[in-house]
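A.B. asks: Before I ask anything, here is the structure I am working with.
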């Protein structure tokens, strides 16, 4: 004897199997946003390796797998693309460091220290690059490469001066007996070491026979603020 099939069962069985797993179609805005991110990722990597003048729009297009004319839909020229690559992450790193410095300033009250301020400034950035994976590591190398170029310096001034001046202000309060000149030189040496680290050239790897790795930002974080603080403290001029 055949068992009757319930109406509900018939209804389910007549439904196409593929409809349950069918994905919603992405909007044109979502497709454009995804294409833009792919272009920026490709340009970021290429600029980090070859600098501004070592990259063409055709290079970027080939890495993404699109025609060069599509790049002009998003960017007027290579300079516009370059600035967009810089700006995409600049606000994040600058904002996080400002917050870290303000938090440290509130916690330290009337007794800030050089090392404490440097930990807030340096560690926050090193953690962001380390935890952000390859895209953020590429951005770190990109900033390091272009930081001493005319096209990069203008963007550095625009996006990073506020956080640098915030650090300088805390250092001045931590070092009331130090000249302003020495404090600025101290920052100059700090940022030079930071940029050299972010560049990940691999030189320290070769010199140390693999004992140290240029991409080991955790090892850098454990040492840099302490080392740099001692250097800045040593700048105080002594009477002769």
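The values are calculated or read from the model by the stated rules, or taken from the named source; none is laboratory data. Bear in mind that the values here come from a model prediction, so they are computed numbers and not experimental data. Glycine gets a Cβ as well: all are built from the backbone with ideal geometry, and neighbour counts include every protein chain shown.
A.B. asks: Taking the options 229, 193, name whichever one is in contact (Cβ under 8 Å) with a residue 24 or more places away in the chain and within 18 Å of the chain's Cα centre (by Cα).
C.D. replies: Just a single option satisfies the conditions, and that option is 193.
A.B. asks: Next question. Taking the condition of being farther than 15 Å from residue 108 by Cα and in contact (Cβ under 8 Å) with a residue 40 or more places away in the chain, how many residues in region 168-186 meet it?
C.D. replies: So the answer is 7.
A.B. asks: Restricting region 205-222 to residues that are assigned to a helix (DSSP H, G or I) and in contact with a helix residue (DSSP H, G or I) (Cβ under 9 Å, 6 or more places away or on another chain), which is surrounded by the fewest Cβ atoms within 10 Å (Cβ to Cβ)? If you could, list the steps in order and put the result at the bottom.
C.D. replies: Of the residues in region 205-222, the ones assigned to a helix (DSSP H, G or I) are 205-207, 217-222.
Subsequent filtering for residues that are in contact with a helix residue (DSSP H, G or I) (Cβ under 9 Å, 6 or more places away or on another chain) retains 217-218, 220-221.
On the way: 217: 23, 218: 10, 220: 23, 221: 18.
Per the stated criteria, the residue is 218.
A.B. asks: Output the helices (runs of 4 or more DSSP H) that fall wholly within region 22-98 and possess 2 or more residues being out of contact with any helix residue (DSSP H, G or I) (no Cβ under 8 Å at 6 or more places or on another chain) and over 28 Å from residue 163 (Cβ atoms), or say none.
C.D. replies: On the way: elements: 28-50, 57-64, 68-74.
Once the helices (runs of 4 or more DSSP H) in region 22-98 are filtered for at least 2 residues that are out of contact with any helix residue (DSSP H, G or I) (no Cβ under 8 Å at 6 or more places or on another chain) and over 28 Å from residue 163 (Cβ atoms), what remains is 28-50, 68-74.
A.B. asks: Pick from 165, 198: which is assigned to a helix (DSSP H, G or I) and surrounded by 15 or more Cβ atoms within 10 Å (Cβ to Cβ)?
C.D. replies: Just one listed residue meets the conditions, 198.
A.B. asks: Across region 61-92, what is the total count of residues that are closer than 23 Å to residue 148 by Cα and more than 20 Å from the chain's Cα centre (by Cα)?
C.D. replies: 2
A.B. asks: Still on this structure, please answer the following. Which residues, counting only those in region 161-186, are within 30 Å of residue 134 (Cβ to Cβ) and touching a helix residue (DSSP H, G or I) at 6+ places or on another chain (Cβ under 6 Å)?
C.D. replies: Listed by number, the residues that qualify are 163, 166, 167.
A.B. asks: Every residue in region 102-124 that is assigned to a loop (DSSP other than H, G, I, E, B) and in contact with a helix residue (DSSP H, G or I) (Cβ under 6 Å, 6 or more places away or on another chain), please.
C.D. replies: Selection gives 112, 113.
A.B. asks: Residues in region 41-69 that are without any contact (Cβ under 8 Å) to a residue 12 or more places away in the chain and surrounded by 13 or more Cβ atoms within 10 Å (Cβ to Cβ): how many?
C.D. replies: Looking only at that region, the number is 4.
A.B. asks: Among the residues of region 125-134, is there at least one that is touching a helix residue (DSSP H, G or I) at 6+ places or on another chain (Cβ under 9 Å), within 20 Å of residue 227 (Cα to Cα), at pLDDT 95 or above and outside any loop (DSSP other than H, G, I, E, B)?
C.D. replies: Checked region 125-134: at least one residue is touching a helix residue (DSSP H, G or I) at 6+ places or on another chain (Cβ under 9 Å), within 20 Å of residue 227 (Cα to Cα), at pLDDT 95 or above and outside any loop (DSSP other than H, G, I, E, B).
A.B. asks: Just to be sure before I move on: is residue 193 loosely packed, with under 13 Cβ neighbours inside 10 Å and either on the phi > 0 side of the Ramachandran plot or assigned to a helix (DSSP H, G or I) (or both) in the structure I sent?
C.D. replies: It is false that residue 193 is loosely packed, with under 13 Cβ neighbours inside 10 Å and either on the phi > 0 side of the Ramachandran plot or assigned to a helix (DSSP H, G or I) (or both).
A.B. asks: Here is a check on your reading of the model: is residue 117 surrounded by fewer than 13 Cβ atoms within 10 Å (Cβ to Cβ), without any contact (Cβ under 8 Å) to a residue 60 or more places away in the chain and under 23 Å from residue 161 (Cβ atoms)?
C.D. replies: Considered against the rule, which asks whether it is surrounded by fewer than 13 Cβ atoms within 10 Å (Cβ to Cβ), without any contact (Cβ under 8 Å) to a residue 60 or more places away in the chain and under 23 Å from residue 161 (Cβ atoms), residue 117 comes out as no.
A.B. asks: Just to be sure, is residue 142 part of a helix (DSSP H, G or I) and either surrounded by fewer than 20 Cβ atoms within 10 Å (Cβ to Cβ) or touching a residue at least 60 places away in the same chain (Cβ under 8 Å) (or both)?
C.D. replies: Yes; evaluated as a whole, the condition is true for this residue.
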